[in-house]
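Please treat every number below as a calculation from the coordinates, not as lab data. Just so it is clear, the model here is predicted, and its values are computed rather than measured.
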Amino acid sequence: MNLTFSAHALDRCFERRISLQGVLDALRQGTCVKGSGMKDGERFVMAHGRLKVVAEFEGPACVVISAWRDQKGSKRAARERRQRLRRIRLAFKEGRVITC
């Protein structure tokens, strides 16, 4: 497979700290979430865990359009918020300085 990254995809991978190997794993081992046939090629959204990759396949060539990670589950995010608030309250109670 000839793999090419668009400028947008490279920017998003760098910005979101997604490794290029992770994108390749998603394309090879991931499941197809959504696909659409187009005139020139076929565009798919591939999922591998929380990682999602939009890629367009044109014969043997594959162009990565974008990549992102889904948000954590709402329960997990709520638990992390509660833990963070507990740490802040404890720090205020003990009189420690908090730096952000």
Completion exercise
In degrees rounded to 10, the 0-90 angle between helix 74-94 Cα long axis and the longest Cα principal axis of the chain is 30
Exercise for the section: Using a 10 angstrom cutoff on alpha carbons, build the Gaussian network for the chain and name the most mobile of 28, 50, 79. Expected result: 79
Fill in the blank from the handout: Residue separation between residue 19 and residue 61 times 0.36 nm, minus their alpha-carbon distance, gives in nm 13.1 nm
Handout entry: GNM flexibility winner over the chain from 78, 55, 26 (Cα, springs under 10 Å)
Key = 78
Handout entry: Estimated 222 nm signal from helices in the chain, with DSSP H stretches of n ≥ 4 weighted -39500 (n - 2.57), rounded to 500
Key = -13000 deg cm²/dmol
Fill in the blank from the handout: If one builds a Gaussian network model of the chain from Cα atoms under 10 Å apart, the most fluctuating residue listed among 15, 80, 42 is 80
